[in-house]
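These notes concern the structure reproduced below.
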Amino acid sequence: MLSVLDNLQRAMEVSEKIDIEDKSIDSNTKNFIEGIQLTEKQLNSIFEKFKITKLESLNVKFDPNIHQAMFEIENDDVDEGTILQVVQEGFKIEDRLLRPALVGVSKKLSK
């Protein structure tokens, strides 16, 4: 179900670029976008019911127990090991990890 949520969120990102109040948008497009929004909302409420929560990963210290580093980002403005980009959200059910977050982690600039 996590991959279903991932795909719904990708669809939401695209639909947020469309102004559904624009009169040139047809009713089918508006209904489709509203259906995506309602489906995502319903799935999130089911996750909440079963205590499935998203890991907060952005701008926190990398933890190999809950994160999977995909790449490094050179940056001297933050501490080394800070997560600067989340490629895929991680989830847990209560205190048990369901899926690690796939992240980009900071490292100091090479000299």
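Can you count the Lys pairs in the chain whose Cα atoms are under 20 Å apart, with each pair 8 or more apart or on different chains?
The result is 13.
What FRET efficiency comes out for Asp95 versus Ile20 if R0 is 35 angstrom and r is the Cβ-Cβ distance? Round to the nearest 0.05. Don't skip to the answer; put the middle values down first.
Values: r = 39 Å, r/R0 = 1.12.
Plugging the Cβ-Cβ distance into 1/(1 + (r/R0)^6) gives 0.35.
Quantify, in whole percent, the carbon and sulfur part of the accessible surface of the chain (1.4 Å probe; protein heavy atoms only).
C and S atoms contribute 50 percent here.
Could you check the spin-label model distance between Asn7 and Lys30? Points 7 Å from the Cα along Cα→Cβ, value in nm.
Distance between the two pseudo-spin positions: 2.7 nm.
Taking only DSSP H segments of four or more residues, each worth -39500 (n - 2.57), what value at 222 nm results for the chain once the sum is divided by all its residues, to the nearest 500 deg cm²/dmol? Provide the component values of the computation, followed by the final result.
Values: 2 runs with 37 residues, N = 111.
The per-residue figure over the chain is -11500 deg cm²/dmol.
Could you pull out every residue, at least 5 positions away or on a different chain, whose amide H is within less than 5 Å of the one on Ile73? Hs are placed 1.01 Å off N in the peptide plane, and Pro or chain starts have none.
Val105, Ser106, Lys107
Output the antiparallel fraction of DSSP beta bridges having both residues in the chain, as a percent to the nearest 5. Mind showing how you got there, number by number?
Working: 11 of 18 bridges.
Around 60 percent antiparallel, to the nearest 5.
Show me, bin by bin at 10 Å from 0, the whole-percent P(r) of segment 46-106 based on Cα pairs.
The distribution over segment 46-106 is 26, 47, 21, 6, 0, given as percents.
Kirkwood hydrodynamic radius, computed over distinct alpha-carbon pairs, for segment 1-50: how many Å, to one decimal?
Details: mean 1/r = 0.0860 Å⁻¹.
Final number for the Kirkwood radius of segment 1-50 is 11.6 Å.
For the chain, what size does the Cα cloud have along each of its three principal axes, sorted from largest down, in whole Å?
Ordered largest first, the chain gives principal extents of 55, 36, 16 Å.
What accessible area per residue, rounded to a whole number of Å², is obtained for segment 4-111 using a probe radius of 1.4 Å? Don't skip to the end; give the middle numbers.
Values: 7710 Å² over 108 residues.
The answer is 71 Å² per residue.
The values are calculated or read from the model by the stated rules, or taken from the named source; none is laboratory data. For clarity, every value in this text was computed on a predicted model and none was experimentally measured. Quick reminder, even Gly has a Cβ in these numbers, built from the backbone with ideal geometry, and neighbours come from all protein chains shown. Protein only, heavy atoms only, side chains kept; ligands, DNA and RNA dropped before computing areas. Shrake-Rupley method; radii C 1.70, N 1.55, O 1.52, S 1.80 Å.
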